[in-house]
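Structure first, commentary second.
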Amino acid sequence: MALQHGGLRYIKQSRVNAKKGLGNVSNNSFASNVTVSYDNEVVISLVPQIVVSNLREGSPAKDAGLKIGDVILEVNKKEAHKYKLQELTHMVDDLPGKKVVVLVERRGERLLFNLRIKNLFK
């Protein structure tokens with residue numbers, strides 16, 4: 001499977017911030033109140049988009065059902081946009097026999113593929 005940069009895409013992430021404060025505090029050390037409140041933030045980020053650019057006949061990716069143009073979202077439960085293109089290529093084409101789980105987006109739908117790397121040049 002060959003990968004390439006396919007521009008940029010927006011992602012939305014929720015972030016929960018915990019804030020701890022003191023409530024009513026008395027002189028008795030056993031009778032203090034601690035208040036914890038949570039703020040939810042939504043963060044929109046612009047990240048690199050990695051797409052499948054080529055599939056070899058008989059490759060694990062092609063046999064599993066991946067298609068050219070699929071957007072790689074995760075490899076082995078790790079977000080693809082957090083890695084360099086070379087690192088992702090290494091993750092999906094590393095050692096023969098290694099299992100790889102790839103989450104892709106295709107036409108707005110998320111699809112999960114399980115691959116087992118094999119040596120195509122024997």
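The values are calculated or read from the model by the stated rules, or taken from the named source; none is laboratory data. It should be emphasised that the depicted structure is a prediction, and the values quoted were computed from it without experimental measurement. Cβ coordinates were reconstructed from backbone atoms using ideal geometry, including for glycine residues, and neighbour counts include every protein chain displayed. Only protein heavy atoms, including side chains, enter the accessible area calculation; ligands, DNA and RNA are left aside. Shrake-Rupley method; radii C 1.70, N 1.55, O 1.52, S 1.80 Å.
The strands (runs of 3 or more DSSP E) falling completely within segment 37-117 include none with 3 or more residues that are open to solvent by 70 Å² or more (accessible area, probe 1.4 Å) and touching a residue at least 40 places away in the same chain (Cβ under 8 Å).
Among the residues of segment 35-65, those identified as under 20 Å from the mean Cα position of the chain (by Cα), more than 13 Å from Asp93 (Cβ to Cβ) and among the aliphatic types (A, V, I, L, M) are Val42, Val43, Ile44, Leu46, Val47, Ile50, Val51, Ala64.
Looking only at residues in segment 68-91 that are at pLDDT below 90 and more than 14 Å from the chain's Cα centre (by Cα), which one is nearest to Val51 (Cα to Cα)? Checking each candidate, the answer is Thr89. Among the residues of segment 1-36, the one identified as modelled with pLDDT of 80 or more and part of a loop (DSSP other than H, G, I, E, B) is Met1.
Scanning segment 67-122 for residues that are over 23 Å from Gly7 (Cβ atoms) and polar (S, T, N, Q) gives Asn76, Asn114, Asn119.
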